[in-house]
2 protein chains.
Amino acid sequence: MEKRTFKNKVYQQLANIVKAMSNPHRLEILELLAQGQFSVAEIAEETDITGANASQHLQVLKQAQLVETQRDGNRVYYQLAGLSVYKAWKALRDLGIERIAEIERVMQQFRESRQSLETLTSEELAEKMQNEETTVIDVRPQQEFDEGHIAGALNIPVEELSEKIEELPKNQEVVAYCRGPFCVFADDAVELLREKGFNAKRLDEGYPEWMIEELPIEQS
Amino acid sequence: MEKRTFKNKVYQQLANIVKAMSNPHRLEILELLAQGQFSVAEIAEETDITGANASQHLQVLKQAQLVETQRDGNRVYYQLAGLSVYKAWKALRDLGIERIAEIERVMQQFRESRQSLETLTSEELAEKMQNEETTVIDVRPQQEFDEGHIAGALNIPVEELSEKIEELPKNQEVVAYCRGPFCVFADDAVELLREKGFNAKRLDEGYPEWMIEELPIEQS
DNA sequence: CAACTATTCAATTAAACTATTGAATAGTTT
DNA sequence: AAACTATTCAATAGTTTAATTGAATAGTTG
């Protein structure tokens with residue numbers, strides 16, 4: 001085989017994968033699917049697009065072999081095609097956070113508005129948990145919590161936080177986490193907790209990153 | 001700031017980066033730039049496109065802050081904007097090699113035609129080098145060798161191999177490496193060496209991967 | 001300063017991408 | 001089987017992308 005033929009084929013194939021990821025909605029879908037499997041309607045709801053549009057984007061991801069499907073009744077559940085898909089997405093995300101000042105700026109601005117500027121890294125949280133210095137709450141929906149969560153975390157979905165807030169110890173720092181650095185449940189939780197007088201912070205990333213770093217997890 | 005406003009901005013910015021990488025020529029350019037800095041004309045030459053076209057693709061990469069430039073006389077040298085750019089590109093490449101059977105197939109097919117099917121991993125090579133069981137040749141151009149190479153490797157650019165082939169010990173295995181898994185210099189070298197009766201293999205990846213794994217390197 | 005080289009810019013055309021809309025299909029419930 | 005839900009398909013229009021061509025610019029050399 002000719003050198004050029006070979007290179008053209010390989011880089012074309014790779015570009016196809018990258019192209020499948022090169023859309024804001026599809027990136028958001030990939031990040032969502034890092035939490036587990038979701039139906040088309042759930043994905044459309046979470047990402048604020050129409051069902052037909054979500055379906056189309058999902059076809060593109062499926063075509064590129066980045067996601068897989070599983071039918072259950074008249075619903076079709078989508079999930080990531082493997083850990084390497086998540087790792088590639090994470091590498092792109094980290095690149096963006098590191099290189100694109102605008103992303104950092106928007107994150108700062110959002111967190112300022114929620115008073116959740118102060119964040120903990122996974123390492124910092126892991127150490128504090130060993131010393132039992134902190135209460136950790138997972139503010140994702142229960143379904144995602146059940147598929148896997150930080151060992152020792154309490155599940156208080158963000159909608160239920162205001163009713164259950166009395167259950168939390170006031171004398172200890174509370175750390176909230178959710179899906180990842182762009183997930184806003186944790187910021188909402190921190191805002192509410194601080195209003196009620198808690199010393200609250202958010203984890204800078206989320207559950208998938210914790211898991212990949214092989215820190216202690218639990219599954220229900 | 002509204003949740004949706006925040007997400008839209010962040011994912012849009014990320015998609016811009018990914019879009020900048022979502023073209024076969026630009027991926028090939030990024031892989032080339034992982035070796036060091038190159039002028040527009042050199043990049044055009046290496047990737048088989050016209051100067052004007054190379055310039056346009058480079059503008060796209062620069063716009064996305066994936067590469068940086070440095071003028072020297074009437075030439076402009078381009079280089080990667082940081083290690084995180086290379087790491088993101090590598091994550092995408094590994095994803096492709098793992099998930100897309102077609103890429104694996106094309107690589108196999110090409111290496112069959114060069115009789116370079118048998119490859120060594122970096123770990124395997126590092127161990128063999130410790131035991132001095134093997135001769136390692138870096139078949140990239142001298143300029144790239146000088147910017148950094150595997151410690152103990154000989155530089156024999158692939159065009160000079162046929163004249164210098166007599167200098168190599170016949171009683172030892174010879175391992176050739178170049179820029180990465182898609183670089184064909186090493187395959188060309190293995191083909192030539194085997195024709196001359198050497199026991200030759202190629203490294204499965206290339207210099208940048210060796211360096212990132214923090215295996216021993218040298219610079220001239 | 002004229003001739004030359006390297007790079008960038010601008011305009012064009014063809015192709016690909018995206019969101020929207022409404023219809024079609026697959027499966028469930030009554 | 002009819003009504004319903006979830007998903008996919010197909011067609012459309014507006015936008016973006018890519019390669020080509022030739023001209024413009026920046027810098028060097030004789």
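Across segment B:35-51, which residue is farthest from DNA strand C (Cβ to nearest atom) among those that are of a type in the set (Ser, Thr, Tyr) and within 23 Å of B:Gly148 (Cβ to Cβ)?
Per the stated criteria, the residue is B:Thr47.
All but one of (1) within 16 Å of DNA strand D (Cβ to nearest atom); (2) surrounded by 13 or more Cβ atoms within 10 Å (Cβ to Cβ); (3) within 12 Å of chain B (Cβ to nearest Cβ) hold for A:Tyr78, so report the exception by its number.
It is condition (3) that A:Tyr78 fails.
Based on this model, can you work out whether B:Leu120 counts as open to solvent by 80 Å² or more (accessible area, probe 1.4 Å) and closer than 14 Å to B:Ala200 by Cβ?
For B:Leu120, the condition - open to solvent by 80 Å² or more (accessible area, probe 1.4 Å) and closer than 14 Å to B:Ala200 by Cβ - is not met.
Please work out which one of (1) more than 11 Å from chain A (Cβ to nearest Cβ); (2) closer than 18 Å to A:Arg93 by Cα; (3) not aromatic (Phe, Trp, Tyr) is the condition B:Ser84 fails and give its number.
(1)
Which one is nearest to the other protein chains (Cβ to nearest Cβ), of the residues in segment B:1-40 that are touching a His at 6+ places or on another chain (Cβ under 8 Å) and open to solvent by 10 Å² or more (accessible area, probe 1.4 Å)?
B:Asn23
Looking for whichever is among the hydrophobic types (A, V, I, L, M, F, W, C), open to solvent by less than 60 Å² (accessible area, probe 1.4 Å), touching a residue at least 24 places away in the same chain (Cβ under 8 Å) and assigned to a loop (DSSP other than H, G, I, E, B) here; the options are A:Ile49, A:Ile43. Which one fits?
Every option except A:Ile49 fails the conditions.
If B:Ala126 passes every condition in (1) at pLDDT 95 or above; (2) touching a helix residue (DSSP H, G or I) at 6+ places or on another chain (Cβ under 6 Å) but one, which one does it miss?
Exception for B:Ala126: condition (2).
Can you pull out every residue in segment A:81-117 that is open to solvent by 70 Å² or more (accessible area, probe 1.4 Å) and under 16 Å from the mean Cα position of the chain (by Cα)?
Listed by number, the residues that qualify are A:Leu83, A:Lys87.
Yes/no matrix, rows are residues, columns are (1) at pLDDT below 95; (2) more than 25 Å from B:Asn8 (Cβ to Cβ); (3) β-branched (Val, Ile, Thr); (4) more than 13 Å from DNA strand D (Cβ to nearest atom):
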site: A:Gln12; (1), (2), (3), (4): no, yes, no, no
site: A:Ile17; (1), (2), (3), (4): no, no, yes, yes
site: A:Asp48; (1), (2), (3), (4): no, no, no, yes
site: A:His57; (1), (2), (3), (4): no, no, no, no
site: A:Glu68; (1), (2), (3), (4): no, yes, no, no
site: A:Asn74; (1), (2), (3), (4): yes, yes, no, no
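What is the number of the single condition among (1) in contact with a helix residue (DSSP H, G or I) (Cβ under 7 Å, 6 or more places away or on another chain); (2) within 11 Å of DNA strand C (Cβ to nearest atom); (3) farther than 22 Å from B:Ile103 by Cα; (4) not acidic (Asp, Glu) that A:Leu32 does not meet?
(2)
Going through segment A:52-75 one residue at a time, which ones are within 14 Å of chain B (Cβ to nearest Cβ), open to solvent by 50 Å² or more (accessible area, probe 1.4 Å) and either more than 12 Å from DNA strand C (Cβ to nearest atom) or of a type in the set (Lys, Arg) (or both)?
Passing the criteria: A:Lys62, A:Gln65, A:Glu68.
If you go through segment B:101-145, how many residues are within 14 Å of chain A (Cβ to nearest Cβ) and either touching a Leu at 6+ places or on another chain (Cβ under 8 Å) or small (Gly, Ala, Ser) (or both)?
Qualifying residue count for the region: 7.
The values are calculated or read from the model by the stated rules, or taken from the named source; none is laboratory data. Worth saying up front: this structure is predicted, and the values here are computed from it rather than measured. Virtual Cβ from ideal backbone geometry, glycine too; neighbours counted across all protein chains shown. Protein only, heavy atoms only, side chains kept; ligands, DNA and RNA dropped before computing areas. Shrake-Rupley method; radii C 1.70, N 1.55, O 1.52, S 1.80 Å.
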